[in-house]
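Here's the structure we're looking at; comments come further down.
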Amino acid sequence: MNLLLNAIQAIPDKGSIHIKTEDLGEKVRISIRDTATGAVQQRQGFCDPTLSKQGNRVGVDLEGSIACQIVYEHGGEILAESTEEGGIVSVVLPVKFAGRAA
């Protein structure tokens, strides 16, 4: 959900977002492609806590950092790439969870 919200906020006026799922055998990939023109460094920085400013409030944006931590704890990875048409952020997760037991 945080990746989708990030894509929505990255599009300045009008644009589009496409969600694609892929079966990779022992893993699955969920990709969110948007028409925002942000650099790949900005997309890769999704996992880093950042300062955010909304109106007159300044705070720390932790949503991306928390989402990445959840993905990593489940043995997954987050990939980012930019194209001339926008960018793609993908989450790759194992089909079977091999992490720590609850």
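What is the fewest-to-most order of Cys68, Cys47 by other Cβ atoms lying within 10 Å of their Cβ?
Ordered by Cβ neighbours within 10 Å, fewest first: Cys47, Cys68.
Sort Lys27, Lys14, Lys20 so the one with the fewest other Cβ atoms within 10 Å of its own Cβ comes first.
Lys14, Lys20, Lys27
Where in segment 2-25 does the amide nitrogen come within less than 11 Å of the point 7 Å from the Cα of Ile66, taken along Cα to Cβ?
The answer is 2.
Apply the Karplus parameterisation 6.51 cos²θ - 1.76 cosθ + 1.60, with θ equal to phi minus 60°, to every residue of segment 23-33 and state each ³J(HN,Hα) to the nearest whole Hz, in sequence, with x for glycine and proline.
Working through the residues one at a time gives 8, 10, x, 8, 9, 10, 10, 10, 10, 10, 10 Hz.
Please report Thr37, Thr83 as a ranked list, fewest other C-beta atoms within 10 angstrom at the top and most at the bottom.
Ordered by Cβ neighbours within 10 Å, fewest first: Thr83, Thr37.
Read-outs: derived from the displayed coordinates by stated rules, not from any lab. Predicted model, so just to flag it, every value in this text is computed and none were measured. Neighbour counts run over all protein chains shown; Cβ positions are idealised from the backbone, glycine included.
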